[in-house]
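Here the structure comes first, spelled out in structure tokens, and everything after it is commentary.
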Amino acid sequence: MRAPRRQPGHAPQGAARAAGRGPGRVGVPAERAPGLGEADYTTASLYTELAARGIVPTRARYAVHSSLVPPDEAALLDLDEGAPVLHIEQLTYDQYGRPCEYNRVVYRADRYRFHATLTAGPGTTPPVTGALGTGF
């Protein structure tokens, strides 16, 4: 089976460097979003462009792992070769459960801050009380 053609994009280098990240790679199935690559992403939002084409991102799988920066990305991140970095990969799905975006980015480990809001969904167990449920 052949992988679908993608409309690749790069994160703007100035913005990426200021955020402490290396060059980003974003892929969107080309047949699902014609003309998506023509937008000016220095001002446009990818998700706004997708929504204009009837694609509504609704959930994503997000993975983070640490490693040492490869030589080709060290200079882009203003790091010495072998410094610690975080690799982020994200696969986003639309309202029908179909993949609509793949994103890969390398961040400086010393400039990355992760924020998350965790909520219980329908049918989940009520909060724990007792030793682990208090003082946390």
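The values are calculated or read from the model by the stated rules, or taken from the named source; none is laboratory data. Owing to the predicted nature of the structure, the values given are computational and were not obtained by experimental measurement. Reconstructed Cβ throughout: ideal geometry from the backbone, glycine too, with neighbour counts over all protein chains shown. Just the protein is used for accessible areas: all its heavy atoms, side chains included, with ligands, DNA and RNA removed. Shrake-Rupley method; radii C 1.70, N 1.55, O 1.52, S 1.80 Å.
Would you mind calculating the gained length between Ala116 and Thr58 on full extension (0.36 nm times residue separation, minus the Cα-Cα distance), in nm to one decimal?
Numbers: separation 58, 0.36 × 58 = 20.88 nm, distance 1.59 nm.
Gain on extension, Ala116 to Thr58, equals 19.3 nm.
If Lys and Arg each add +1 and Asp and Glu each add -1, what is the summed charge of the other residues whose beta carbon sits under 11 Å from the beta carbon of Ala83? Each step should come with its number before you reach the end.
On the way: positive: Arg108; negative: Glu73, Asp78, Asp80, Glu81, Asp110.
Here the charged neighbours net out to -4.
Using a 1.4 Å probe and ignoring any ligands, DNA or RNA, find the accessible area of Arg53 and quote it in Å² to the nearest 10.
80 Å²
I'd like the FRET efficiency for Glu31 and Leu76, computed as 1/(1 + (r/R0)^6) with the beta carbon distance as r and R0 of 41 Å, rounded to 0.05.
Calculated value: 0.85.
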